[in-house]
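Okay, so here's the structure we're looking at.
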Amino acid sequence: MTHLLERIAVAVAIGLAGAVLTAPALAQDYPNRHIQLVIPYAAGGGTDVLARIVAEHLSAILGQRVVPENRPGAGTALAAGVVARAAPNGYTLLFSTLAHSLNATMSASLPFDSVNDFEFVGKVGQVGLVLMTNPQYVKANDLRELVRADAASRASSSSDRPASARRCTWAANC
């Protein structure tokens, strides 16, 4: 698995390096100093590990250090804000996920424009998501049954608890 991940990271790094080096707005001597790779998640998670592998390979290809910097928090908005405020010169990159796009739909008060303040450089990968429950507490074999279990839980919950607590009764047992 690690070998496959590294092969993917090398391919991505080569693609990103090509995209960065051929951008017409950049000077001929780019990069002439280190590049900051801002990661919007805590160190040690999957996104961080992949970002560090990509950074290592980009460093080798570009001949300059690509320095990973973790800036977790606010659903990736803290890291995106750092990059949005940076000079638009290619020396500060955001290693982001779908959360970057979702932030624009979930918050009207972001200190940046998720679309216009950033330039897409390249796609690193694609990840599938899985929804699971503990069958000891939630009897659901598919999403439809899970929704039914949630509805039944809400219907049988005491009305003296807040609505959010009633909605999440089954989730607390998972």
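Throughout, read-outs are computed from the coordinates displayed, never taken from laboratory work. Given the structure is predicted, the values throughout are model-derived calculations rather than measurements. Cβ sites come from the backbone with ideal geometry, for glycine too, and all protein chains shown count toward neighbours.
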Item to check | By average C-beta atoms within 10 angstrom, highest first, the peptides 121-131, 93-103 | outcome: 93-103, 121-131
Checklist outcome for this item: Under 14 Å by backbone N from the virtual spin label 7 Å along Cα-to-Cβ at Ala87, the residues of region 31-54 are 31-36
Item to check | Protection-proxy order for peptides 58-69, 141-152, each taking the mean of Cβ atoms within 10 Å per residue, highest first | outcome: 58-69, 141-152
Checklist entry - Amide H neighbours of Gln36 under 5 Å, counting only residues 5+ apart in sequence or on other chains, H built in-plane at 1.01 Å? => result Val67, Thr92, Leu93
